[in-house]
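First up is the structure itself, then whatever we jot down about it.
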Amino acid sequence: MGQTLAVAMVVAVCAVLLFGYPVALTLGGVSLLFAVIGAAAGIIDLGLLAALPPRIFGIMGNDVLLAIPLFIFMGVMLDRSRIAEELLETISRLFGALPGGLGIAVILVGTLLAAAKGIVGATTVTMGLIALPIMLRHGYDKALAAGTIAATATLAQIFPPATVLILLGDQLSNSYRAAQLAQGNFAPQAISVADLFAGAIVPGLALVALYILYLIAVAIFFPEKVPAIAPDPAAPRGFALARRLGAVLIAPLALILAVLGSILGGVATPTEAASVGAVGSILLAARKAGAAGLLIPVMARTTQITSMIFLILIGATLFSLVFRGLGGDDLVERALTDLPGGAGGATLAVMIALFVLGFVMDAFEIIFVVVPIVAPILLKMPGVDPVWLGIMMAVNLQTSYMHPPLGPTLFYLRGVAPPEVTTRHIYLGIVPFVLIQLAMLVALWFLPAFATWLPHKLYGS
């Protein structure tokens with residue numbers, strides 16, 4: 001009876017989300033409702049809910065999660081400092097004379113912004129406002145232009161210092177520790193956010209390369225969709241262009257290297273590096289436009305985004321508590337361990353489930369609700385590397401930002417796209433890029449070293 005209620009609770013959450021109710025309130029409200037039902041049926045004791053306040057205090061006191069508001073502040077401040085316009089203008093001059101060159105410039109600029117901001121929404125809005133009108137003005141196919149921008153913006157989810165990687169790293173760290181303790185290892189090994197940051201770099205760069213190869217293929221077979229840009233006689237060339245490129249690239253690259261280099265080099269924790277990034281973004285904004293006028297709106301936006309994330313986390317904590325009280329974790333463990341194929345079959349089933357859930361839930365919801373339930377089970381199975389599993393989940397969840405009907409990137413882009421770009425154009429445009437991401441998942445499945453090589457080189461086994 002209890003496990004039936006656990007399944008019903010999951011179905012109820014998905015159904016209420018489809019009606020458009022806020023995620024955090026849905027998780028908390030449905031969980032409370034099923035806790036009362038379970039107590040009335042004599043399945044669980046409502047005293048179980050007394051464990052919620054200590055868990056909330058544990059979340060708020062988590063040093064790793066302190067990096068979230070700092071990285072969000074960095075991303076929002078860089079968004080307001082209008083660095084993207086200079087980058088796109090300069091880099092497009094390098095490639096614009098070639099068919100597809102402007103699209104390649106958009107991918108490169110979007111990658112830099114993704115690595116600097118770590119926030120999908122901010123990158124989507126910035127690129128949608130700046131790059132999309134330029135691509136349309138130069139005759140790019142509407143669907144291709146929209147898809148290129150949407151896919152590039154979602155790189156902010158997998159390129160460090162992605163907010164999603166920080167949250168996923170925290171959840172996997174807890175799950176890995178729980179899995180080892182359940183196996184009788186009372187001196188468990190640790191997995192950190194830095195491990196996931198290092199593991200994400202090679203797959204992230206591989207995705208960028210695949211996006212560019214796709215545009216080159218379109219330029220070869222359908223050049224009318226990605227026309228070359230007519231050269232501007234007044235534009236700088238040669239040494240002047242190189243000097244201009246260096247001027248616009250040095251500051252953002254220095255900030256990215258300072259943040260990621262300090263984390264990967266073991267000099268600073270993600271939280272300490274995030275504070276460096278926040279201060280660096282203020283200095284960049286001051287150099288561009290004066291940071292004083294930006295500070296208050298940036299802090300307000302940072303507070304909004306941070307509050308949304310932590311409210312979802314609190315609702316998901318209550319969901320997890322009630323789900324376990326109803327015996328749902330035992331049901332999931334039996335279902336995964338009984339699948340044919342052992343660890344491979346169970347991991348494949350989880351990956352398919354994450355992809356399907358991405359149609360109705362976003363990455364934050366999946367990380368907070370699903371990962372704490374399935375990750376400890378998978379990590380107890382032989383041969384499942386926690387870094388590999390984390391990067392597989394991150395790339396998989398990246399698609400949840402793009403595929404319809406509820407992909408947040410599609411809504412962000414729809415909100416800033418010109419009227420001539422319809423929702424149909426956006427949906428059609430993202431299809432090839434979703435397929436590229438699925439191909440990346442397949443590559444990670446058969447070549448786990450894509451995710452594990454760099455962490456092992458940096459930190460050993």
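Are any residues in the range 387-424 modelled with pLDDT of 85 or more, under 21 Å from I436 (Cα atoms) and either surrounded by fewer than 20 Cβ atoms within 10 Å (Cβ to Cβ) or in contact with a Lys or Arg (Cβ under 8 Å, 6 or more places away or on another chain) (or both), and if so, which ones?
R424
Restricting to the range 129-162, name every residue that is part of a helix (DSSP H, G or I), open to solvent by 10 Å² or more (accessible area, probe 1.4 Å) and at pLDDT below 90.
Once the filter is applied, which keeps residues that are part of a helix (DSSP H, G or I), open to solvent by 10 Å² or more (accessible area, probe 1.4 Å) and at pLDDT below 90, the range 129-162 yields L129, I130, P133, I134, L136, R137.
Output yes when any residue across the range 57-66 is surrounded by fewer than 21 Cβ atoms within 10 Å (Cβ to Cβ), of a type in the set (D, E, K, R) and part of a helix (DSSP H, G or I), and no when none is.
No: zero hits.
Of everything in the range 255-274, what is within 20 Å of L167 (Cβ to Cβ), assigned to a helix (DSSP H, G or I) and either open to solvent by 50 Å² or more (accessible area, probe 1.4 Å) or of a type in the set (V, I, T) (or both)? Give them in sequence order.
Scanning the range 255-274 gives V259, I263, T271, E272.
Within the group R301, R334, R324, which residue is open to solvent by 60 Å² or more (accessible area, probe 1.4 Å) and more than 26 Å from I59 (Cα to Cα)? Break it down stepwise before answering.
Details: R301 fails: more than 26 Å from I59 (Cα to Cα); R324 fails: more than 26 Å from I59 (Cα to Cα).
That would be R334, the only listed residue that is open to solvent by 60 Å² or more (accessible area, probe 1.4 Å) and more than 26 Å from I59 (Cα to Cα).
A quick yes/no check of all residues on (1) open to solvent by 20 Å² or more (accessible area, probe 1.4 Å); (2) touching a residue at least 40 places away in the same chain (Cβ under 8 Å); (3) among the polar types (S, T, N, Q):
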site: A346; (1), (2), (3): no, no, no
site: A363; (1), (2), (3): no, yes, no
site: D385; (1), (2), (3): yes, yes, no
site: P432; (1), (2), (3): yes, yes, no
site: L435; (1), (2), (3): yes, no, no
site: W453; (1), (2), (3): yes, yes, no
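Regarding the range 165-187, can at least one residue be identified that is farther than 23 Å from I373 by Cβ, modelled with pLDDT of 80 or more and either more than 19 Å from the chain's Cα centre (by Cα) or assigned to a helix (DSSP H, G or I) (or both)?
No, every residue in the range 165-187 fails to be farther than 23 Å from I373 by Cβ, modelled with pLDDT of 80 or more and either more than 19 Å from the chain's Cα centre (by Cα) or assigned to a helix (DSSP H, G or I) (or both).
A50 is checked against (1) in a helix (DSSP H, G or I); (2) free of Cβ contacts under 8 Å to residues at least 40 places away in the same chain; (3) under 24 Å from the mean Cα position of the chain (by Cα) and fails just one. What number does that condition carry?
(3)
Conditions first: (1) assigned to a helix (DSSP H, G or I); (2) open to solvent by 50 Å² or more (accessible area, probe 1.4 Å); (3) under 30 Å from A228 (Cα atoms); (4) not basic (K, R). P99 passes all but one, so which condition is the exception?
The number of the failed condition is (1).
I'd like to know if the range 427-441 contains one or more residues that are over 21 Å from I263 (Cβ atoms), in contact with a Pro (Cβ under 9 Å, 6 or more places away or on another chain) and among the aliphatic types (A, V, I, L, M).
We begin by selecting, within the range 427-441, every residue over 21 Å from I263 (Cβ atoms); these are 427-441.
Among the residues that remain, those that are also in contact with a Pro (Cβ under 9 Å, 6 or more places away or on another chain) are: 427, 430, 440.
From what is left, the residues that are among the aliphatic types (A, V, I, L, M) are 430, 440.
Looking for residues that are over 21 Å from I263 (Cβ atoms), in contact with a Pro (Cβ under 9 Å, 6 or more places away or on another chain) and among the aliphatic types (A, V, I, L, M), one finds at least one in the range 427-441, hence yes.
Kindly list, by first and then second residue, each pair from a residue in the range 256-269 that is closer than 18 Å to I72 by Cβ to a residue that is of a type in the set (F, W, Y) and modelled with pLDDT under 85, limited to pairs with Cβ atoms under 6 Å and residues at least 6 apart or on different chains.
Qualifying pairs under 6 Å: none.
With I72, I83 as the choices, which residue is open to solvent by less than 20 Å² (accessible area, probe 1.4 Å), within 30 Å of P252 (Cα to Cα) and at pLDDT 80 or above? Give the derivation first.
Details: I83 fails: at pLDDT 80 or above.
Only one candidate qualifies: I72.
If we scan the range 349-356, do we find a residue that is within 13 Å of N396 (Cβ to Cβ), touching a residue at least 24 places away in the same chain (Cβ under 8 Å) and open to solvent by 20 Å² or more (accessible area, probe 1.4 Å)?
Residues of the range 349-356 within 13 Å of N396 (Cβ to Cβ): 349-356.
Filter again for touching a residue at least 24 places away in the same chain (Cβ under 8 Å), leaving 350-351, 354-355.
If we keep only those that are open to solvent by 20 Å² or more (accessible area, probe 1.4 Å) too, we end up with 355.
Among the residues of the range 349-356, at least one is within 13 Å of N396 (Cβ to Cβ), touching a residue at least 24 places away in the same chain (Cβ under 8 Å) and open to solvent by 20 Å² or more (accessible area, probe 1.4 Å), which makes the answer yes.
Condition first: assigned to a helix (DSSP H, G or I) and of a type in the set (F, W, Y). Now tell me which residues in the range 195-230 satisfy that. Can you show your working first?
The initial filter retains those residues of the range 195-230 that are assigned to a helix (DSSP H, G or I), namely 195-221, 223-225.
Those that are assigned to a helix (DSSP H, G or I) and of a type in the set (F, W, Y): F197, Y211, Y214, F221.
The values are calculated or read from the model by the stated rules, or taken from the named source; none is laboratory data. Remember, it's a predicted structure, so these values are computed and weren't measured experimentally. Cβ: placed from backbone, ideal geometry, glycine included. Neighbour counts: every protein chain shown. These area figures cover heavy atoms from the full protein model, side chains too; ligands, DNA and RNA do not enter into them. Shrake-Rupley method; radii C 1.70, N 1.55, O 1.52, S 1.80 Å.
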